[in-house]
1. Based on Cα coordinates alone, diagonalise the gyration tensor for the chain, multiply each eigenvalue by 5, take square roots, and list the semi-axes in whole Å, largest first.
2. Highest first, please rank the peptides 379-386, 196-203 by the mean number of other Cβ atoms sitting within 10 Å of their residues.
3. Note down the relative contact order for the chain as a percent, whole number, built from C-alpha pairs under 8 angstrom at least six residues apart.
4. Estimate the FRET efficiency between residue 187 and residue 266 by the formula 1/(1 + (r/R0)^6), using the beta-carbon distance for r and 25 Å for R0, to the nearest 0.05.
5. Please work out the FRET efficiency for the pair residue 76 and residue 159, using the Cβ-Cβ distance as r and a Förster radius of 45 Å; give the result to the nearest 0.05.
6. Regarding the stretch 117-224, what whole-number volume in Å³ per residue does the convex hull of its Cα atoms give?
7. Between residue 337 and residue 36, how high is the FRET efficiency from 1/(1 + (r/R0)^6) when r is the Cβ-Cβ distance and R₀ = 60 Å? Nearest 0.05.
8. Using helices alone, I'd like the mean residue ellipticity at 222 nm for the chain: each DSSP H run of four-plus residues gives -39500 (n - 2.57), total over residue count, nearest 500.
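What follows draws every value from the coordinates through simple rules; no lab data is involved. Predicted model, so just to flag it, every value in this text is computed and none were measured. Methodologically, a virtual Cβ is constructed for each residue, glycine included, from the backbone with ideal geometry; neighbour enumeration extends over all protein chains shown.
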């Protein structure tokens with residue numbers, strides 16, 4: 001799923017794609033190496049704290065060395081939840097950094113591995129800084145919120161290859177053992193030709209602004225929007241990118257990670273009446289080669305039916321995931337169901353970090369940066385098709401110069417909220 005300057009070929013990267021290590025700027029790892037790895041956490045919210053926990057569980061000789069977040073109270077809460085790891089958490093006050101520039105201080109603190117879990121609007125900037133400093137990186141999804149960010153991630157992935165440092169992604173369902181086994185049946189051709197895909201991510205709003213909520217007196221625009229980052233497109237990318245991009249990524253996975261042709265979509269704000277500028281629902285049709293249409297349904301409505309389900313309709317049956325991955329035959333009866341092997345780790349978040357650190361210990365480099373960027377761009381393609389009300393092609397997305405915010409914003413800056421996109425009026429930059 002490469003940019004249009006490259007032919008539309010299958011992208012041969014993923015969780016198993018590795019390259020032999022040439023050397024590390026800070027640490028030389030080889031088979032059997034047991035040197036202590038120092039971990040830095042950037043973004044101390046729930047997902048960042050979870051990533052730190054999984055990293056600490058993944059390897060016996062790692063230590064959480066430094067943490068950074070825009071707000072000091074998040075650091076305190078995160079470290080409080082990680083104290084169960086005892087001596088594996090060694091983060092004195094001088095290695096606890098707050099503010100928008102905290103990421104740089106974590107990177108400069110002597111860490112070997114950086115976990116990126118700040119709001120995704122900052123992901124490209126943080127990834128670039130970590131790679132330039134020669135750090136190995138786990139990057140939570142999504143990897144960007146605009147086209148400029150995706151292009152930056154692509155550049156960072158290339159730089160990581162030159163430097164011999166690793167990039168692991170946070171598209172967690174690709175690490176779920178049962179989902180992996182099911183999707184292997186799809187991508188190998190075992191279930192025959194794919195006719196269509198329907199994926200859903202129907203949930204409730206996470207930490208929404210309430211109608212009438214306004215910025216407190218004396219608080220700058222940037223700080224207020226960061227404190228409520230899920231509600232603004234420049235910080236979160238909107239619900240399709242920040243949350244439902246998991247389902248978008250599984251559409252890409254089912255289709256063998258080939259590039260789509262275009263997308264047509266609808267969306268809007270049916271429930272939201274707040275001062276933010278993100279939609280609360282999307283319905284997308286992705287066009288793929290061979291006449292295959294992949295549908296995506298996303299919404300964040302309180303009090304409604306919720307589900308996260310993948311349905312891949314194939315010539316020899318219908319694959320259903322992620323809960324209890326199974327195949328339904330043409331007669332509608334179950335022909336296969338995943339059964340977890342005894343003793344095998346099933347937590348997809350933990351599997352992700354287990355494989356990441358195991359590869360480092362073996363002297364292998366995982367670099368999923370290009371793949372990460374493409375799955376993020378697929379989400380942007382659907383979002384912009386809905387926002388513009390137009391049929392947007394893959395080539396048009398890569399030609400775009402869309403950039404939601406400068407990298408130079410400070411906590412005390414003024415930064416007006418962009419208007420809610422209106423289909424037929426909003427344009428792809």
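1. Semi-axes (√(5λ), whole Å): 32, 29, 20.
2. Packing order, densest peptide first, comes out as 379-386, 196-203.
3. With pairs under 8 Å counted, the relative contact order is 22 percent.
4. FRET efficiency, residue 187 to residue 266: 0.30.
5. Numbers: r = 34 Å, r/R0 = 0.76.
It comes to 0.85.
6. Working: hull volume 19.8 nm³, N = 108.
Taking only Cα atoms, the stretch 117-224 has a hull volume of 183 Å³ per residue.
7. Approximately 0.90, to the nearest 0.05.
8. -9000 deg cm²/dmol
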